[in-house]
Amino acid sequence: MSDVKLEGSEASVFAIGIGECGSNLVGSYLAKSEKGELPTRIREYLVMNTDRGDLLKARKKYSISSKRTLLYSDAEIGVGGKFSAGYESVIDSEDIILNQLQALGYEGISGFCIFTSFGGGTGCGGTPALIRLLRKRFAEQEKRKIFIYVFGVLPFVNQSSEAVNSVWALSKLLRLQLEEGNMGPDLILLLSNNTMLSRVLSMQRGEAADLITREKGLDLTALDSNVTRPNVLGQTNTPLPVQMEEAFVELVNPLALESIAEMLSPGVPELGKEVLPTTDIGDFALKLDSVVVPAMFDDLSIFPEVGDVGNQLAAAVEYTAAHCSLTNMGTNPAASSVFSVLSGPKEIARVEFDPLLKKALSPFLAKGASISPTYCAYDDEKARASLLLLFGLPRIPELYDILEEAKSLIRLHSGDSELKQHWFKRSKGTTKQELEDAVSDLEKLFGYYITPEQTQANK
């Protein structure tokens, strides 16, 4: 990747990967873009971390030049899952961060895509502080607003400390939106480790087995009997071995990358391509609720010549929502909004199909939900057909599991003893009350369906 500058004719997006997970996502995406495998609107990018070892590992793995990496924090050994330390590290390094972004040329960009994990300390804590810093800088120096999208990865099951971090991060990001001038992200796109891993196991078992055998020396053939899948698909909660989780990163990342690339695609000028209505990445925030689950079907087959297009679209939408979402939404998402991007040859990506597509989407939406369709039509009849669905504020059964794990850990360290409750300050740098408030925020936002009975029904 070294010093190649990725820039399309109207590139205006700056990508930032914060923490180990965010670095992997940005590195994977940009590596594929340089090979011409994915369209890009990325003008520049920065990978940042508080852990020197993790940062050097990302630089080596993705051949990232030193000017596009940033080590911040005095300790240089990470923050150990302590999100408050991740937050303060960004605050203490504001000048360093802004200077490096400026050196990369971030003036005049339209917005930022920030990639991170909600379970870790560096990304979980640092992302809210970074967004506040960027909002303040552009409001004060350029007198304008920018869009900021956060692509946040939810943790695997049975990781209660990471569950607490995720609850805090989501609450913090959403509450920042309420501040004057909106100091939070415009969209939070949820990517679930559990769900993406399950997609890999069901769709790419052969590839997964080869990778794990080659790199980790583990046998995937015994998966069904000895290693259970994540509980988002109704299985038991026994987690996969850590080594296997690490190996799956190479298979999981592409699932996220496809959706991200498709979001950027409508704004990429191409010969023989027409986009109706005109759509750019910043438009998603205008039409969607703040929390979004992406779903991407990249091998769509619609045959208008055989008729019954309505049923074909209905089958495609159902498959996309049920089997291609990057966070499991159960059987009844009841989303408050949806943005669709239907791409392919002009015989398939037709505005005339608008009523049929909206009808196909309606079973997955709450009453009164908004539908915003976009069509990317290509003159090339062999152009790949795909369907991207962005569901705004859908039901997310996995959040129930995360909330329950977080509440269990909070209860574990609660009690009359000050020494016992000191865990909250020592391990997370916060108070029990702040974490309980974060849990309450998410329960109120999603609480109309978060009950054990309803969750089990949706799995």
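The values are calculated or read from the model by the stated rules, or taken from the named source; none is laboratory data. Note that the structure is predicted; figures quoted are calculated from it, not measured. No Cβ is skipped: glycine too gets one built from the backbone with ideal geometry, and neighbour counts run over all protein chains shown.
On the given criteria, is ILE188 β-branched (Val, Ile, Thr) and in a loop (DSSP other than H, G, I, E, B)? No, not satisfied.
To keep it simple, each residue is scored yes or no on (1) basic (Lys, Arg); (2) in a loop (DSSP other than H, G, I, E, B); (3) farther than 22 Å from GLY125 by Cβ.
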site: LYS367; (1), (2), (3): yes, no, yes
site: PRO373; (1), (2), (3): no, no, yes
site: GLU398; (1), (2), (3): no, no, no
site: GLU404; (1), (2), (3): no, no, yes
site: HIS422; (1), (2), (3): no, no, no
site: LEU435; (1), (2), (3): no, no, no
site: VAL439; (1), (2), (3): no, no, no
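Note on region 375-391: residues that are in a strand (DSSP E or B) and more than 13 Å from LEU357 (Cα to Cα) total 6. Scanning region 368-384 for residues that are within 28 Å of the chain's Cα centre (by Cα) and of a type outside the set (Ser, Thr, Tyr) gives GLY368, ALA369, ILE371, PRO373, CYS376, ALA377, ALA383, ARG384. Filtering region 252-281 to residues that are of a type in the set (Gly, Ala, Ser) and part of a loop (DSSP other than H, G, I, E, B) leaves only GLY272.
Taking (1) under 22 Å from ALA15 (Cα atoms); (2) modelled with pLDDT of 80 or more; (3) assigned to a helix (DSSP H, G or I) in turn, VAL292 satisfies each apart from (3).
Within region 82-98, the set of residues being surrounded by fewer than 20 Cβ atoms within 10 Å (Cβ to Cβ) and farther than 17 Å from ARG43 by Cα comprises SER84, GLU88, ILE91, ASP92, GLU94, ASP95, ILE96. Scanning region 104-121 finds no residues that are more than 24 Å from VAL13 (Cα to Cα), in contact with a strand residue (DSSP E or B) (Cβ under 7 Å, 6 or more places away or on another chain) and in a strand (DSSP E or B).
Residue by residue, here is whether (1) surrounded by 20 or more Cβ atoms within 10 Å (Cβ to Cβ); (2) modelled with pLDDT of 90 or more; (3) not hydrophobic (A, V, I, L, M, F, W, C) holds:
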position	(1), (2), (3)
SER265	yes, no, yes
GLY272	no, yes, yes
LEU276	no, yes, no
LEU286	no, yes, no
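Checking each residue in region 311-343 for being outside any helix (DSSP H, G or I), of a type in the set (S, T, N, Q) and under 22 Å from ASP354 (Cβ atoms) picks out SER336, SER337, SER340, SER343. Residues that are farther than 18 Å from PHE112 by Cα and touching a residue at least 60 places away in the same chain (Cβ under 8 Å) do occur in region 276-283, at least one of them.
Any residue in region 146-156 that is touching a Pro at 6+ places or on another chain (Cβ under 6 Å), outside any strand (DSSP E or B), surrounded by fewer than 24 Cβ atoms within 10 Å (Cβ to Cβ) and in contact (Cβ under 8 Å) with a residue 24 or more places away in the chain? Within region 146-156, one or more residues are touching a Pro at 6+ places or on another chain (Cβ under 6 Å), outside any strand (DSSP E or B), surrounded by fewer than 24 Cβ atoms within 10 Å (Cβ to Cβ) and in contact (Cβ under 8 Å) with a residue 24 or more places away in the chain. Yes or no: region 344-360 includes at least one residue that is in contact with a helix residue (DSSP H, G or I) (Cβ under 9 Å, 6 or more places away or on another chain), within 30 Å of GLU34 (Cβ to Cβ) and surrounded by 15 or more Cβ atoms within 10 Å (Cβ to Cβ). Yes.
Considering only residues in region 91-147 that are basic (Lys, Arg) and modelled with pLDDT of 90 or more, the one that is nearest to MET263 (Cα to Cα) turns out to be ARG135. Somewhere in region 302-310, is a residue assigned to a helix (DSSP H, G or I) and either within 21 Å of SER370 (Cα to Cα) or within 15 Å of the chain's Cα centre (by Cα) (or both)? The answer is yes; a qualifying residue exists. Taking (1) surrounded by fewer than 17 Cβ atoms within 10 Å (Cβ to Cβ); (2) part of a loop (DSSP other than H, G, I, E, B) in turn, PRO394 satisfies each apart from (1). In the set (1) more than 22 Å from SER84 (Cα to Cα); (2) crowded, with 16+ Cβ neighbours inside 10 Å, the condition left unmet by LEU435 is number (1).
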